[in-house]
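A.B. asks: This is the structure I want to talk about, given as structure tokens.
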Amino acid sequence: MFALKRALKLNNNEATLMARHAGFRRVVFNFGLTLRTQMYSEGQFTDSKVLNEVKKVLTNYVKKQPKFGWMNQLSSRVYQNALIDLKDAFSRYRSGKAGHPKFARRRSGQSFTVDSSNGKVLLAAGSTIKIPTLGSFRLYEPLECGFVSQTFTISKEGSRWFVSFCIDAERLPVRQPENSVGIDVGIKYAATLSNQQVFDAPKPLKQAKTKLATLQRKASKQIRGSQSQRKTYHKISRLHARIARIRLDFLHKLTTYLAKTFKLIKIENLNVQGMMANHKLAGAISDLGFYEFKRQLDYKCKMYGAHLVLVDKWFPSTKTCSNCGTKKDMPLGIRTFDCPVCGISLDRDLNASLNILNWEPSAARGIAYLSWD
């Protein structure tokens, strides 16, 4: 099973319809969060029953008020899935995977989910897609063949709307021409491979910082909530969407190439959150997308039949000589590893990638090894 995402080609009426449903989801989620917090704090219900009571209040009281009559004109599946999202948010909170759910804001993103209550639906090949309870919409990129799916998530990125859905299908494993590779990710180069290949990533956020600063300064001086300020924020969101698309395009091309080329891939299990605590490197790290690189490589290795090994994050790959194993301090300003024992001189990233390639799980503490057939 894997997901597909397609850009929708909407006219003004269709875009307004999507925005109304996104607002519907946001209102229901925020109502539910408010009621749930109030009920739980007052001890009226146990934690397992409080969300069911929230649903009853929203269905039997809130939706029947005249001022909320507009809710009955929109898809009820948005309403149901918003409450499911709220329940999942509290499940993640209780399990320690996320913080306490926060109120949904329009500026934080617009999205909603619908599904077919009658089971999975057939999506025909072509340049249109039929979304349950919403209707048929044009696509910028046509579907190559027919698919079957049940749940659809519609989201807005910048000024464009996208639809995402899961399909029950598997990609055929490919035969990788190369055996193994070690990969060192870094700031100067996005990825340095042990075979001496180097991939220099675009840095869209760094390039757009001046324009972003200008727009944000302009928005701060405009009247709050005015039409002019909304237009400026719209330009800012479009620029952020463009930055994200440039970054994702590079990461998708790189991770697909790696998963299709190498049978065994070794990368460091980097502590991205800890690295982001360094304010001098946080901007560069977020611009390169270290976490997204590892996430994409993980599922693409499964998809194409490759093996991924996560090297112990405490392994001193940069400080160790890849030829004789001698360790020495390597400040960030030093770009070449010069071994004082064997005399070898290598680029620090290439030296690290060779050490990552030679790393063995049995020789390290904190083993992290992923493999699949």
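The values are calculated or read from the model by the stated rules, or taken from the named source; none is laboratory data. Keep in mind that what you see is a predicted model, and the values were worked out from it rather than measured. Using ideal geometry, Cβ is built from the backbone for each residue, glycine included, and neighbour counts are taken over all protein chains shown. Just so you know, the surface numbers come from the protein's heavy atoms only, side chains and all, with ligands and any DNA or RNA stripped out. Shrake-Rupley method; radii C 1.70, N 1.55, O 1.52, S 1.80 Å.
A.B. asks: Could you work out how far helix 204-221 tilts from the main Cα principal axis of the chain, as a 0 to 90 degree angle to the nearest 10?
C.D. replies: With rounding to tens, the tilt is 40 degrees.
A.B. asks: When only alpha-carbon atoms count, how far does region 120-170 stretch along each of its three principal axes, as whole angstroms with the largest first?
C.D. replies: 30, 24, 19
A.B. asks: Leaving ligands, DNA and RNA out of it, report the carbon-plus-sulfur percent of the accessible area of the chain at a 1.4 Å probe.
C.D. replies: With neighbouring chains kept in place, the figure for the chain is 51 percent.
A.B. asks: Helix 12-41 versus the longest principal axis of the chain: what angle, 0 to 90°, nearest 10, using Cα atoms?
C.D. replies: 90 degrees
A.B. asks: Out of residues 5 or more away from residue 110 or on other chains, whose amide H comes under 5 Å of its own, with H placed 1.01 Å from N in the peptide plane?
C.D. replies: Amide H to amide H, under 5 Å and 5 or more residues apart or across chains, residue 110 pairs with 156.
A.B. asks: Go through the cysteines of the chain and tell me which have no other cysteine Cβ under 4.7 Å away.
C.D. replies: That list is 145, 166, 301.
A.B. asks: Hey, in the GNM for the chain with a 10 angstrom Cα cutoff, which one of 253, 328, 97 fluctuates hardest?
C.D. replies: Comparing 253, 328, 97 in a Gaussian network model of the chain, the most mobile one is 97.
A.B. asks: Same structure, new question: Using only Cα atoms, find the angle between the long axis of helix 76-94 and the longest principal axis of the chain, and express it within 0 to 90 degrees, rounded to the nearest 10.
C.D. replies: Helix 76-94 sits roughly 50 degrees off the main axis of the chain.
A.B. asks: Quick check: from the Cα gyration tensor, does region 38-143 come out rounded (a/c under 1.5), prolate or oblate?
C.D. replies: Here region 38-143 falls in the prolate category.
A.B. asks: To continue, here is another question. Using only the alpha-carbon atoms, what does region 179-221 span along each of its principal axes? Please give whole angstrom values in decreasing order.
C.D. replies: The principal-axis extents, from largest down, are 57, 14, 11 Å.
A.B. asks: What whole-number distance in Å separates the alpha-carbon centres of region 165-224 and region 333-351?
C.D. replies: Taking the Cα centre of each part, region 165-224 and region 333-351 sit 27 Å apart.
A.B. asks: Identify all aspartates and glutamates with a Cα-Cα distance to residue 206 below 13 Å; exclude those on the same chain that are fewer than 8 residues away in sequence.
C.D. replies: 287
A.B. asks: List, in the order given, every pair from 188/294; 203/327; 9/260; 188/313 whose Cα-Cα distance in the structure shown is over 29 Å. The partial results should precede the final answer.
C.D. replies: On the way: 188/294 18 Å; 203/327 32 Å; 9/260 32 Å; 188/313 20 Å.
Those over the limit are 203/327; 9/260.
A.B. asks: Counting each DSSP H run of 4 or more residues in the chain as -39500 (n - 2.57), what helix-only mean residue ellipticity at 222 nm follows after dividing by all residues, to the nearest 500 deg cm²/dmol? Can you show the working numbers first?
C.D. replies: Working: 9 runs with 151 residues, N = 373.
Helix contribution divided over all residues of the chain: -13500 deg cm²/dmol.
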